[in-house]
Amino acid sequence: MNQMTVTMKRLFVYIIGLFVLSLGVSFSIQAGLGVSPVSSLAYAFTLTAGLSIGITTVLANILFIICQAIIRKQINIREFLVQLIIAFLFGFFMDATLFIVQLFPAPETLIIRYIFLILSLFIVSIGLFNYFTAKLPLMPYDALTYIISEHFKLKFSRAKITSDLINVGVAGAVCLIFIQSLGSIGIGTLAAAYFIGKMLGWMMKNYEQPLHQWIFRMKS
């Protein structure tokens, strides 16, 4: 019974993390100043194909799963099915949270757009904090980064930078080819790449242990 309680707490924190993360990405989309590297490819597909961000999020994550299989040269069906389920859940959250954010008046001035961007950085960091602290399966993009780190013998931080640069590069190329602009890439992309890691590190340092203790505390 105690173990079941711990599992339910982990799921709760994990799902809240994914929802808050999607909310942060939706704020960055509404700001119109560029989205974070992890979401840049999905949003590029949205801008060029006219599909909802939820659908393109799933499609982008399927590509990340395929990349994992190519690098590993094998397919772990169970692991990939779990990642696919997570991708569909996150895609659903993306459509839901973007709908919620679009209920607010659209940011028409540059100041309001920057406020939306700053809010997105904080909200994404909070979402990632919960998502990582729950210690449940990673989303396909994060799993791909770990595989790149292991396969090419890179430090995780360097593998993360490599993954982000490739993702942003491909997203920018897609936008340039189909809509003749950078589209999903902008100052918000640079801000996310620089500040989110720092804010997440600060949250992990100060709040991971209390949340971890609450999740894994076993009642006698």
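Please work out if ALA44 is within 18 Å of LEU138 (Cα to Cα) and assigned to a helix (DSSP H, G or I). In short, no.
Rundown of residues vs (1) on the phi > 0 side of the Ramachandran plot; (2) surrounded by fewer than 18 Cβ atoms within 10 Å (Cβ to Cβ); (3) not polar (S, T, N, Q), yes/no style:
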site: ALA42; (1), (2), (3): no, no, yes
site: GLY50; (1), (2), (3): yes, yes, yes
site: GLY91; (1), (2), (3): no, no, yes
site: PRO105; (1), (2), (3): no, yes, yes
site: LEU110; (1), (2), (3): no, yes, yes
site: LEU121; (1), (2), (3): no, no, yes
site: ILE126; (1), (2), (3): no, no, yes
site: ALA134; (1), (2), (3): no, no, yes
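Applying the criterion of at least 3 residues that are closer than 23 Å to GLN30 by Cα to the helices (runs of 4 or more DSSP H) found wholly in the range 75-162 leaves 77-101, 110-133.
For the range 150-159, the criterion of a residue being surrounded by 15 or more Cβ atoms within 10 Å (Cβ to Cβ) and acidic (Asp, Glu) is satisfied by no position.
Kindly establish whether TYR194 is in a helix (DSSP H, G or I), farther than 24 Å from ILE65 by Cα and at pLDDT below 90. So TYR194 fits the description; yes. Residue count for the range 58-74, restricted to those that are of a type in the set (A, V, I, L, M, F, W, C) and outside any helix (DSSP H, G or I): 0. Among the residues of the range 137-154, is there at least one that is out of contact with any helix residue (DSSP H, G or I) (no Cβ under 9 Å at 6 or more places or on another chain) and either within 22 Å of GLY91 (Cβ to Cβ) or touching a residue at least 24 places away in the same chain (Cβ under 8 Å) (or both)? No, the range 137-154 has no match at all.
The values are calculated or read from the model by the stated rules, or taken from the named source; none is laboratory data. All values reported here derive from a predicted model rather than from experimental measurement. With ideal geometry, Cβ positions are generated from the backbone for all residues, glycine too; neighbour counts draw on all protein chains shown.
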